[in-house]
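Structure first, then comments.
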Amino acid sequence: MACGGAGGDVGQLKWQGRPLLFTPRGLPKDRILSGHLRNDSLRRVDLEARQLTLVDKAGRRTRANAIFLTGFVHGLYPPTREPGRVPDSELIRTGRLARILPEKSAPLTVSWRSRGGQPSPVRLEYPGGSLPVPGG
């Protein structure tokens with residue numbers, strides 16, 4: 001695992017530029033974080049969206065949803081009738097899996113709802129590292 005630079009990133013993935021964090025109009029408790037992850041390692045990184053975890057300063061988890069897309073796509077299979085093993089190509093196409101080659105990037109969108117009195121998340125953890133959450 002590589003150490004991060006001045007941006008506070010830890011691990012082989014870095015934010016490519018500054019990610020956007022916003023509150024949707026009419027949904028004051030909802031947050032959406034959108035940006036691109038860059039692979040600064042020498043190896044391909046495969047990462048499943050379900051492996052990402054938002055945490056606050058104390059290390060408490062925030063329930064969130066993540067996807068490696070900037071928009072919506074329809075899956076090939078109905079959600080209730082997916083095959084036992086969905087092909088990697090479909091997982092990548094629908095944003096559930098990111099396969100990031102060295103020096104390449106992938107989009108990432110994370111959403112969550114703030115709970116009354118709960119501190120804001122400060123980092124997004126993944127196996128092998130973490131990324132800072134702006135404004136956290």
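The values are calculated or read from the model by the stated rules, or taken from the named source; none is laboratory data. Note that the coordinates shown come from a computational prediction; the quantities given were computed from them, not determined experimentally. In this analysis, Cβ positions are derived from the backbone assuming ideal geometry, glycine residues included, and neighbour counts consider all displayed protein chains.
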Here the residues within the range 14-64 that are in contact (Cβ under 8 Å) with a residue 60 or more places away in the chain and either among the hydroxyl-bearing types (Ser, Thr, Tyr) or touching a Gly at 6+ places or on another chain (Cβ under 6 Å) (or both) are Trp15, Pro19, Leu21, Ser34, Ser41, Thr53
The lone condition Gly116 fails out of (1) free of Cβ contacts under 8 Å to residues at least 24 places away in the same chain; (2) under 10 Å from the mean Cα position of the chain (by Cα) is (2)
Ser41 being touching a Leu at 6+ places or on another chain (Cβ under 9 Å), more than 17 Å from Pro107 (Cβ to Cβ) and not β-branched (Val, Ile, Thr): yes
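If I filter the range 54-77 for residues that are of a type in the set (Asp, Glu) and either surrounded by fewer than 11 Cβ atoms within 10 Å (Cβ to Cβ) or modelled with pLDDT of 90 or more (or both), do I get at least one hit? It would help to see each step written out before you state the result.
Start the filter on the range 54-77 by keeping residues that are of a type in the set (Asp, Glu), which leaves 56.
Of the ones still in play, those that are also either surrounded by fewer than 11 Cβ atoms within 10 Å (Cβ to Cβ) or modelled with pLDDT of 90 or more (or both) are 56.
Looking for residues that are of a type in the set (Asp, Glu) and either surrounded by fewer than 11 Cβ atoms within 10 Å (Cβ to Cβ) or modelled with pLDDT of 90 or more (or both), one finds at least one in the range 54-77, hence yes.
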